[in-house]
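The values are calculated or read from the model by the stated rules, or taken from the named source; none is laboratory data. Source: prediction; values computed, not measured. Glycine gets a Cβ as well: all are built from the backbone with ideal geometry, and neighbour counts include every protein chain shown. Calculation scope for accessible area: heavy atoms of the full protein, side chains included, ligands and nucleic acids excluded. Shrake-Rupley method; radii C 1.70, N 1.55, O 1.52, S 1.80 Å.
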Amino acid sequence: QVQLVESGGGLVQAGGSLRLSCAASGRFSFNIMGWYRQAPGDQRELVASITSGGSTNYADSVKGRFTISRDNAKNAVYLQMNSLKPEDTAVYYCNAVQNVFTYWGQGTQVTVSS
């Protein structure tokens with residue numbers, strides 16, 4: 001059973017920074033790890049992803065502001081969020097893909113005040 005546990009969300013003023021962390025239980029190797037977010041009334045959207053080899057992909061709205069990284073030895077993925085905007089407010093979900101299986105964390109709230 002894979003569990004993804006997120007941490008690092010919170011309330012921050014516009015222009016501030018937050019760092020999200022996600023740790024996966026078990027001794028698994030994930031092809032892709034990433035972060036999604038969902039604001040009230042919106043669909044869940046990809047924020048950023050990273051392969052086991054280190055290739056990254058970002059949503060256009062966060063390019064240049066967010067940085068995703070991972071530690072394969074710890075089965076962990078991180079999201080450094082800088083220059084935060086009110087429109088970044090959402091629940092952020094950690095995601096991990098292992099072959100045909102997809103796993104989700106429980107979500108962590110990020111609120112950016114103007």
Out of the residues in region 9-24 that are of a type in the set (G, A, S) and in a strand (DSSP E or B), state the one that is surrounded by the fewest Cβ atoms within 10 Å (Cβ to Cβ). G10
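Looking at R27, R70, can you tell me which residue is part of a strand (DSSP E or B) and either open to solvent by 20 Å² or more (accessible area, probe 1.4 Å) or without any contact (Cβ under 8 Å) to a residue 12 or more places away in the chain (or both)?
R70
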The conditions are (1) buried (at least 16 other Cβ atoms within 10 Å of the Cβ); (2) out of contact with any Lys or Arg (no Cβ under 7 Å at 6 or more places or on another chain), and A59 fails exactly one of them. Which is it? (1)
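Being under 16 Å from L4 (Cβ atoms) and open to solvent by 30 Å² or more (accessible area, probe 1.4 Å) narrows it down to one of T51, T89, T108, T102, so name that one.
T102
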Condition (residue is assigned to a strand (DSSP E or B), over 12 Å from the mean Cα position of the chain (by Cα), surrounded by 12 or more Cβ atoms within 10 Å (Cβ to Cβ) and at pLDDT 95 or above) applied to region 33-45: is it met by at least one residue? no
